[in-house]
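In what follows, a single structure is set out as structure tokens and then discussed.
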Amino acid sequence: MILGRSRRKVLICDSGKKRNRHSKALHGYLTRDGINPNEFVRICEEELTKYDIEKHNCTVVDVYPFEDGFQIREESGVVINSKKILLATGITDSLPEIPGIIEFYGRSIFHCPYCDGWEFRDKSVAVYSKGGSFQLALSMKTWSEDIILLTDGFTNISRKWKERLNVAGIPVIKSRITGITGSDGLLETVEFLNRDPIRRDVIFFSTGYKQSSNFAEVLGCNLSKKGTVLFDKKQRTNVKGVFVAGDASMDMKFVIVAAAEGAKAAVAINIALQEEEMINTLNSAGV
């Protein structure tokens, strides 16, 4: 929108595979709290039409430098030239390997307590984490006192975490999970190998994520240790002409933050184009 209002020619390439496509509600976005993500996108697209912004519902399969800018190639074979690229490709969550999880994902199984914790405040919560840090289990105490940690067969819990979990009053179930039950996407029980099932209202998980696209890496952008794209205060990557916004970046992964990053990137892109236009004008004038 900012680029459109700056009278720039903008093309959005969208495969439709957004990170929150399984969610029924978007939270934490002022004036849009609780809106269905698909409705949010519909409103966005409707508002963009008056700025003549073009959108291709497509999958981009290649991005590469070309002359003084870039070329992108769509799955259909269409090739497009662009002076600048804004990567808003997001990330893909690594879902727990629980049979039947997709039926509940986005309804009663989540990864972000800031996005969905309020709706399950004071409910019975299970936290899924198979090793390393169990910080999510501790942080969920903000939303509920009834927390159980599930490690799904992981048994090598350090002394430090055992002490912290014990002090917080969080029981640990190390048995392998064999399945979950419920109806209409709402969780009822978690089932285990060699032990009785437990009743839970919700599962929050911490199993990591990966970049949804390798374009940043292909273009030579620097990545953090967690695999997110590094950028400066103007959303610029280390590669000239390549900007990043949203979950693909290293900042907080909220929709409202992604929108703000997109606006910052748009201003930086417009300024860069203005500077290039001025240089071309001066060169043409022989100055």
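The values are calculated or read from the model by the stated rules, or taken from the named source; none is laboratory data. Values in this document were obtained by computation on a predicted structure and should not be read as measured data. Here Cβ is always computed from backbone atoms with ideal geometry, including for glycine, and neighbour counts include all displayed protein chains.
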Checklist (1) free of Cβ contacts under 8 Å to residues at least 12 places away in the same chain; (2) within 14 Å of the chain's Cα centre (by Cα) applied to D232, failing item: (2)
Segments classed as strands (runs of 3 or more DSSP E), wholly inside the range 173-240, with at least 2 members that are of a type in the set (D, E, K, R): 186-192, 195-199
Residue within the range 260-277 that is in contact (Cβ under 8 Å) with a residue 12 or more places away in the chain, buried (at least 16 other Cβ atoms within 10 Å of the Cβ) and closer than 14 Å to G90 by Cα present: yes
Any hit, the range 194-209, residues being closer than 22 Å to F70 by Cβ and surrounded by 13 or more Cβ atoms within 10 Å (Cβ to Cβ): no
Hey, V255 of a type in the set (V, I, T), under 26 Å from E119 (Cα atoms) and touching a residue at least 60 places away in the same chain (Cβ under 8 Å) or not: yes
Candidates E97, E47 - the one that is out of contact with any helix residue (DSSP H, G or I) (no Cβ under 9 Å at 6 or more places or on another chain), part of a helix (DSSP H, G or I) and farther than 25 Å from S224 by Cβ: E47
Residue match in the range 197-216 (condition: charged (D, E, K, R) and out of contact with any Ser or Thr (no Cβ under 6 Å at 6 or more places or on another chain)): no
Among the residues listed as L165, L150, the single one being surrounded by 15 or more Cβ atoms within 10 Å (Cβ to Cβ), over 17 Å from T189 (Cα atoms) and in the same structural domain as R107 (by TED's automatic domain parsing): L165
K55 being of a type in the set (D, E, K, R), surrounded by 12 or more Cβ atoms within 10 Å (Cβ to Cβ) and in a strand (DSSP E or B): yes
Flag for E75 being at pLDDT below 95 and loosely packed, with under 15 Cβ neighbours inside 10 Å: no
Given (1) within 30 Å of G117 (Cβ to Cβ); (2) modelled with pLDDT under 95, number of the condition D52 does not satisfy: (1)
Residues of the range 219-233 classified as under 17 Å from L86 (Cβ atoms) and exposed (fewer than 12 other Cβ atoms within 10 Å of the Cβ), total: 3
Meets criteria (of a type in the set (F, W, Y), farther than 30 Å from D152 by Cβ and in a strand (DSSP E or B)) for F40: no
Which listed residue is under 27 Å from W118 (Cα atoms) and within 15 Å of the chain's Cα centre (by Cα), from S212, S249, S183: S249
